[in-house]
Structures are given as structure tokens and as C-alpha cells.
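Here is the structure we will look at.
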Amino acid sequence: MAYWMACGSESWKPPLVAGIIFLVLGGLLVFFPEGSLRLFIFLFGVLAFIAGIALFIGAWMLSRSGGMFFMVPLILGICAVLLGILSFTDPGLIGAFAAVLLGILLIIGGLGGAFSAITRPGYGSRRALSLVGGIVIALLGFLILFYPRLSSLAIVRIIGAVIMAAGVVALIGAVVLALRERSCAPPPGFERLERF
């Protein structure tokens, strides 16, 4: 059983499929950023509208049980529907809002990564890479935060490049797993057990 899990499981197939999907998706984001951004904003609007309707249904169900707790999903539903409608009427504003939100998240994540690299005990390249990576991510967040409309296409291209890099890593991992699986030799007597 251990041989089958290590050598006969074909564990290289999921990373191969994920790598191909990531390469295609990242390529679309890198080479067609405007169309990709419009599509994402449209899908965001559809999802926000659907979430708003679901929150309205939840508020209606909670209102039947009594109490004022139904106001929370009602207010969230109104916000979600308005956000969905706004994404159809002014997609540039939603893109700028998403860019500002992404910038804030990158600043928090980058500074958090840099802080954890500084406070982590020990020395080494991992600590230095965490510090440099955190600073770069925080700087990217500041760039996005202060130039949201100008940098939205650049943001989409950067995200696409990161997704493509993840796809390349997944493909390399699939090749490594496939080569390891091919080089496995069954233990003595394993063939005899598999025939039954």
C-alpha cells in the first residue's frame, strides 16, 4: 500500500492541470488586461447582486423569528445590491475601489511580513528574503493606493504574471513528481500481491 501511494498514485496529474490552468489564466491577464478587468468587474457585480438577494432572503427569514437581528443582513444586502448595480453603471469606480482595497491589503501584508522577518529569531537567507519581500509588497501596496486608476491595468498584469509564475512552478512540480514516480521500482514480492 505504501508503494502504491508513493509510486503509483499518479500524483503529478493535479499539479499538471493546475499549472496549465494558471498559465492560461495568467496569460489572459497579462496580454488582455482591459478585457480581463472588465470581465472581473462584471462577474463581481453579478456575484454582489446574487449575494445581496441571498442576504435579503436571509433577512426575511430572520424577521419571521422576531427581534431586530434581521437588520444586519438587510443592510448588508442593500450594500451588496448597490455595489452590484454600481459595478454595471460605473466599472471604473469599482476598479478603483478594488485597487484601493488591494493596496491596503498589500501594505498590511507586506509590513506584517517585514515585521515578522525582523522579529524572527536567527539569521539566514529565509529571514532576509522575507524582509525584502515584505518591503517590496508594502511598496507595491503604496503605489497601488496612491495611483489606483492609473495602475489598474498594471495591477492586472502583475497579478497575471504572479499567476503565470505559479503555473510554471506547478508544471515543474508535476514533472518532478512524474519523474519520481517513473523511477520507483516495486519492492520484492509486490507484483505477486497485486495479481490477487
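At a glance:
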item	result
For peptides 23-33, 67-77, sequence by mean Cβ density within 10 Å, most packed first	23-33, 67-77
Contour minus Cα-Cα distance for Met61 and Phe97 (0.36 nm per residue)	9.8 nm
Crossing angle, helix 91-119 versus the chain [Cα axis fit, 0-90 degrees, rounded to tens]	50
Positive-pole candidate from Ile75, Met61, Ser183, dipole of region 33-183, charges at beta carbon	Ser183
Gain in span if fully extended, Arg127 to Leu105, counting 0.36 nm per residue against the direct Cα distance	5.8 nm
Virtual spin-label span in nm between Val136 and Ile75, 7 Å along Cα→Cβ	4.2
Folded to 0 to 90 degrees: helix 125-146 orientation relative to the chain principal axis, Cα	30
FRET efficiency, 1/(1 + (r/R0)^6) with R0 22 Å, evaluated for Ile21 and Ala165 via beta carbons	0.95
Cβ charges +1 (Lys, Arg) and -1 (Asp, Glu), total dipole of the chain, debye	340
Crossing angle, helix 33-64 versus the chain [Cα axis fit, 0-90 degrees, rounded to tens]	70
Quarter of the Cα convex hull surface for region 14-183, i.e. its orientation-mean projected area (nm²)	15.0
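Coordinate-derived values only; no laboratory data. Just so it is clear, the model here is predicted, and its values are computed rather than measured. All Cβ positions, glycine included, derive from the backbone under ideal geometry; neighbour counts span all protein chains shown.
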